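Asker: Quick one: structure below, then a few questions.
What follows is calculated from the coordinates using simple rules that are stated; it is not laboratory data. All values reported here derive from a predicted model rather than from experimental measurement. Glycine gets a Cβ as well: all are built from the backbone with ideal geometry, and neighbour counts include every protein chain shown.
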Amino acid sequence: MTRVVDILVPFALDQAYSYRVPDGMALEPGDVVAVPLGPRSVMGVVWAENPSPNPRIHNRMKDVDEKLDILPLKSELRKFVDWLAEYTLSPRGMVLRMCLRMGDLGPERERVGVRLAGPPPQRMTPARARVMQALADGMVRSKSEAAHDAGVSAGVINGLVDEGTLETLILPPEPVAKPPDPDYFQPDFSEAQGAAANRLREFVIAGGFSVSLVDGVTGSGKTEVYFEGVAEAIRRDKQVLILMPEIALTAQFLDRFAERFGVRPAEWHSQVAPRKRARTWAAVAAGEVPVVVGARSALFLPYTKLGLVIVDEEHDPAYKQEDGVRYHARDMAVVRAREEKIPLVLASATPSVESEVNARRGRYARLHLPERFGGQHLPSVEAIDMRREGPPRGRFIAPRLAEAVKAELERGQQALLFLNRRGFAPLTLCNKCGHRLACQNCDAWLVDHRFRRRLVCHHCGFSMPTPEKCPKCEAAESFVPVGPGVERLEQEAAELFPGSRILVLSSDLVESMDRLRQELDDVAEGRFDIVVGTQLVAKGHHFPKLNLVGIVDADLGLANGDPRAAERTFQLLHQVVGRAGREEGRGYGFLQTHQPEHPVMRALIAQDREAFYSAEIAAREAMHYPPFGRLASLLISGGDKHLTEQYARKLAAISPLDERVKVLGPAEAPLAVVRGRFRFRLLVKSPRAYDLSAFMREWLAAAPKTKGTLKLEVDVDPQSFL
C-alpha cells in the first residue's frame, strides 16, 4: 500500500485526517502541505505517520496535493498544540489555526534603489543639484531615502532616472528586524538589580526549564533587569519572546529596547499590517528574528531556536483569551517553556495570587527588587472618605483632591485623575418618570459618549442618539446623566482648573496606535498638565513629571461577585498610584472611597503588600478557589429563554458522579442577556490535582446536541464570571 500520513487542518476539528503520500513526495511530521478537504484544497500540517491504515478504505483516501514551501513546525510546537487543546477542551484544529496565522506569504515586493551613475541632466535645478550632492558618494539608496536625504520629492528622483543621471538597482528585502547588539549599552545597576540580572543570566546559560518571578515595586527597573536575560540569549544565538498584555504598552517599551540594544525588535499583534505579519512569521520560522515583542498570539509563532520567554505584567487580565480557544497566555507560556525546555521570566509589581503562591512555595525563583531605581521614594497614599469629605452635589472630585491637584499644577508638575469607566456617564435616565435607557439587545444600561454624541452598549456595540422625548412618559429633553465617566471627569477638571492642558486617554478614543504613541510621548514631554484616564494609563508607562494620582472611584472594581475582585482592584490601583513620583518629588496618591476600612484600601494606604497577599491567599485556600482548587465554566446561551434554561438543566443532570467535583447551577449569568441571547451558567469546582479536563470531556461527550440558536461555551480556568 501507498504510505499514509495523518494531517491536522486548521478548522474546528479535533481529529487529524489520513491522506496517501504520492510516490516521490518526501514528507515528515511538521511539514506544511495542501490537501483536498471537500470541494477545495486547504493548508494542513503532517501530524503523524499512520503505520497501519485501514486497508478497506485505503483506495478511497485522497492524496496530498503538494508540500508547501514553508518551514515545518517543530515537534515542540506540535506537542504544545496537543497539550493546549486537551487542557482547554478546544478542537486541535483551532489551536493549530493560531499557529498558522501567517498572512499573505506571496512573493516579496521588489525594493528599488538608485545611485549616481550617468552624466548630469541637461536642465539643472536647485532640487536636482541637491540630489547629485547627496548621492555623490556613489552609495545605493532606496528612492525614498534618496528623496529624504536631498530634501526633494520622489518626482525629482524619477526625473533623474529618466534622464540617465541615476541608475536603478533591485535591493535585497529589508529585514523584519535588525540584529540587536547585546553590548550596545551597559546599564548602571543597583545592588539588588545586579543580583537579579546575574541570576537571570545564569538561568539562560544553564538552559533547561525554569520559572523566575521578577517581583519589584513600581519604578524599580524590572524591564532593565530582564533585558540582561535577553542579552545573554542573543549572545547564544537564541530567540526571545517578550509578551505584553496590551498593544498600548509597546510604544514606550520599543524605545527602551532600542536604548538598550540599538535597534527595535520585531512586533507581533493585531495592528501589524498583513504583509508585515507574513514576513515576520516567515523570518521567525527561519530563525532570522532574534527578539519578538507581542500580544498573547505571539506565543504561537513557529520559533526555530527559542531560548527565553518573558511575560511582562504577568498579572494582567488581558492575557486571558475570552473567545474562540479560551486560554491564559501566562499559563500557556509556562507550558510552552516547559515543552521547549527553556527558562521563563514573569515580571510584575503586583504578581497574580497564583504566581505569588508558586514563589512562596519555591516552585518559582523570586528575584526581588524592593526599591525604586535611583533611590526615588514610593508615593505616599491617603484615603479620602467620601462619606465625610465627599464633593458637592453634582461633582465627583473631592475638595481635598482638588486642592492637591491645584498645588501640583502650581509647582509645574502633572496630575493623573483615574476612573476606570469609559464615556461621559454610565447611566441616562428621565428626571420626570425615572425611565432608564437600556440596550435593546442586552441586560445593560446604555453609556453616554458625549464625544461621539451617542448612547452605546459596551457589550454588543448597539448605539443610538439620545431621544428627544422619553419613550415612557414622553417628557421632552428630560434625560440626565447619572454618575461619571472619564469624559464627564474631563469637563469637571476643566471647570476646576481653568487654563490647564487636559488629555483624556481611553481605549474608545484611540484613533490609531500612532496617535496613541504620540499622545503618550506628549504626556512624557510635559505638554499636558492633567491626564484623565482609564486603565489604559495604569501600567507600563513612564511619565517623569507626573507627581500626583487621584483615584476618583476606588471602590468601583469591588462591586461585583468575581472571586478575583479584591486581587484585581489591589493590582490595578497599586499600578495606577505607581505612576506618580517616578523621577521628580515624592509622589502622592489619593483614593476616593466609601469604605476606607476595606482590606484592599488598608493595604494600599499602608503599602503593606505582604499583608494583602497573605489574607487573600488564606481566603482562597479556605474556599478551595484557584490556585488551591480548579474551576471550569459552562455558559449556555440561546434566543429562547425557556429552551436555554431547559438545556442547561439537562446538562447539569447528566454530569458524571464524582464526590470530589461540585457542579453549581445552572443559574442566570450576571449579564443575563447579551446580543439578544439569554445566558445561563454552570460552574464546576474540583481539587487542584484533579484531572478536571478529563471529567469535562466525559461529561461533554454525553451531552445532548445543541440545536437551533443554542450554544455551549466551555472555559477551563475562567477569569470572567459575567
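Asker: What does the extension gain come out to for Arg452 and Tyr625, with contour length at 0.36 nm per residue minus their alpha carbon separation? Intermediate results must be reported in sequence, preceding the final value.
Answerer: Details: separation 173, 0.36 × 173 = 62.28 nm, distance 4.17 nm.
Gain on extension, Arg452 to Tyr625, equals 58.1 nm.
Asker: Please name whichever of Val684, Val714, Pro670 sits farthest to the positive end of the charge dipole of the stretch 629-716, dipole taken about the Cα centre and charges placed at Cβ: Lys and Arg +1, Asp and Glu -1.
Answerer: Pro670
Asker: Once you compute Rg and the Kirkwood Rh from C-alpha atoms, what is the Rg to Rh ratio for the stretch 290-437?
Answerer: Working: Rg = 22.6 Å, Rh = 20.5 Å.
Dividing the radius of gyration by the Kirkwood radius yields 1.10.
Asker: Next question. Please list 679-686, 543-550, 158-165 highest first by mean number of surrounding beta-carbon atoms within 10 Å per residue.
Answerer: On the way: 679-686: 21.6, 543-550: 24.4, 158-165: 16.5.
Packing order, densest peptide first, comes out as 543-550, 679-686, 158-165.
Asker: To one decimal place, what orientation-averaged projected area in nm² is obtained for the convex hull of the Cα set of the stretch 425-483?
Answerer: Details: hull surface 14.8 nm².
Average of the hull's projected areas for the stretch 425-483 equals 3.7 nm².
Asker: While we're on this one: What number in nm² do you get for the chain if you take the convex hull of its Cα atoms and divide its surface by four?
Answerer: About 40.3 nm², averaged over all directions.
Asker: How far is it, in nm, from the label point at Asp608 to the one at Ala672 when both lie 7 Å from their Cα along the line to the Cβ?
Answerer: With each label point 7 Å from Cα toward Cβ, the separation is 4.2 nm.
Asker: Also, quick follow-up: Label-point separation (nm) for Glu410 and Ser75, each offset 7 Å from Cα along Cα-to-Cβ?
Answerer: 7.2
Asker: Want the number for Val140 to Ala12: 0.36 nm per residue separation, take away the alpha-carbon distance, what's left? List each step's numbers first, then the result.
Answerer: Working: separation 128, 0.36 × 128 = 46.08 nm, distance 4.96 nm.
Extra length from Val140 to Ala12 when fully extended: 41.1 nm.
Asker: Related question: Over the stretch 1-99, with a single point scatterer placed on each C-alpha, what log10 of the ratio I(q)/I(0) does the Debye formula yield at q = 0.17 1/Å?
Answerer: The calculated log intensity ratios at q = 0.17 Å⁻¹ are -0.72.
Asker: Could I ask something else about it? In the stretch 56-129, what chymotrypsin sites (Phe, Trp or Tyr not before Pro) fall in a loop by DSSP, with at most 16 other Cβ atoms inside 10 Å?
Answerer: Values: sites: Phe80, Trp83, Tyr87; in loops: none.
Filter output for the stretch 56-129: empty list.
Asker: Related question: Using just the alpha carbons, could you tell me how many Å³ per residue the convex hull of the stretch 187-302 encloses?
Answerer: In the stretch 187-302, the Cα hull volume divided by residue count equals 116 Å³.
Asker: Between Asp443 and Lys472, with labels modelled 7 Å along Cα→Cβ, what's the label distance in nm to one decimal, could you check?
Answerer: For the pair Asp443/Lys472, the computed spacing is 1.9 nm.
Asker: Excluding residues fewer than 8 places away in the same chain, name every one of the lysines whose C-alpha is closer than 22 Å to that of Lys545.
Answerer: Lys222, Lys406
Asker: A further question on this structure: So, R0 is 56 Å and r is the distance between the beta-carbons of Ala129 and Arg201; what FRET efficiency does that work out to, to 0.05?
Answerer: That pair, Ala129 with Arg201, gives E of 0.55.
Asker: Out of residues 5 or more away from Val211 or on other chains, whose amide H comes under 5 Å of its own, with H placed 1.01 Å from N in the peptide plane?
Answerer: Excluding prolines and chain starts, which carry no amide H, the hits are Leu344, Ala365.
Asker: Something else about it: With just the Cα atoms of the stretch 506-547, tell me how far they stretch along each of the three principal axes, in Å, largest first.
Answerer: 26, 18, 17
Asker: Further question: Of the listed peptides 402-408, 670-676, what is their order by residue-averaged count of other C-beta atoms within 10 Å, with the highest listed first?
Answerer: Descending mean neighbour count gives 402-408, 670-676.
Asker: Let me ask something else. Which one of Ile205, Val21, Val131 is farthest out on the positive end of the charge dipole of the chain, using unit charges on Cβ (Lys, Arg +1; Asp, Glu -1) and the Cα centre as origin?
Answerer: Val21
Asker: At 0.36 nm per residue, and after removing the present C-alpha to C-alpha distance, how many nm does the segment from Ser512 to Leu657 gain when stretched out fully?
Answerer: 47.0 nm
Asker: Along the charge dipole of the stretch 593-658, which of Pro596, Ile654, Ala611 sits closest to the positive end, that is, farthest toward it, with unit charges on the beta carbon of Lys, Arg, Asp and Glu (+1, +1, -1, -1)?
Answerer: Ile654
Asker: Hey, any idea what Rg/Rh is for the stretch 629-716, computing Rh the Kirkwood way over Cα pairs?
Answerer: Using only Cα positions, Rg/Rh for the stretch 629-716 is 0.97.
Asker: Set the Förster distance to 25 Å, then compute FRET efficiency between Glu49 and Ala689 from the Cβ-Cβ distance, nearest 0.05.
Answerer: E(calc), rounded to 0.05, equals 0.15.
Asker: Order 229-240, 37-48 from most to least packed using the mean count of other Cβ atoms within 10 Å. Provide the component values of the computation, followed by the final result.
Answerer: Values: 229-240: 21.3, 37-48: 16.2.
By packing density, highest mean first, the sequence is 229-240, 37-48.
Asker: What cysteines in the chain have no other cysteine with a beta carbon less than 4.7 Å from their beta carbon?
Answerer: Unpaired cysteines in the chain: Cys99, Cys460.
Asker: Relative contact order for the chain using alpha-carbon pairs under 8 Å, separation at least 6, rounded to a whole percent? Display every interim value, and only then the final one.
Answerer: Working: 1424 pairs, mean separation 76.7, N = 722.
Relative contact order comes out at 11 percent.
Asker: Moving to a separate point now. Under unit Cβ charges (Lys, Arg +1; Asp, Glu -1), what dipole magnitude, rounded to 20 debye, does the chain have relative to its Cα centre?
Answerer: 1680
Asker: Here is a further query. If you take every DSSP beta bridge fully contained in the chain, what fraction is antiparallel? Give it as a percent rounded to 5.
Answerer: On the way: 61 of 112 bridges.
In the chain, DSSP labels about 55 percent of beta bridges as antiparallel.
Asker: Next question, about the same structure. Would you mind checking the pairs Lys67/Lys143; Lys74/Lys178; Lys472/Lys650; Lys662/Lys705; Lys320/Lys662 and listing those with alpha carbons more than 32 angstrom apart?
Answerer: Among Lys67/Lys143; Lys74/Lys178; Lys472/Lys650; Lys662/Lys705; Lys320/Lys662, the Cα-Cα distance tops 32 Å for Lys67/Lys143; Lys472/Lys650.
Asker: Let me ask something additional. Pop out the ³J(HN,Hα) list for the stretch 658-665 in order, Karplus 6.51 cos²θ - 1.76 cosθ + 1.60 with θ = phi - 60°, rounded to Hz; leave Gly and Pro as x.
Answerer: Values per residue, Gly and Pro as x: 7, 5, 7, 10, 10, 10, 9, x Hz.
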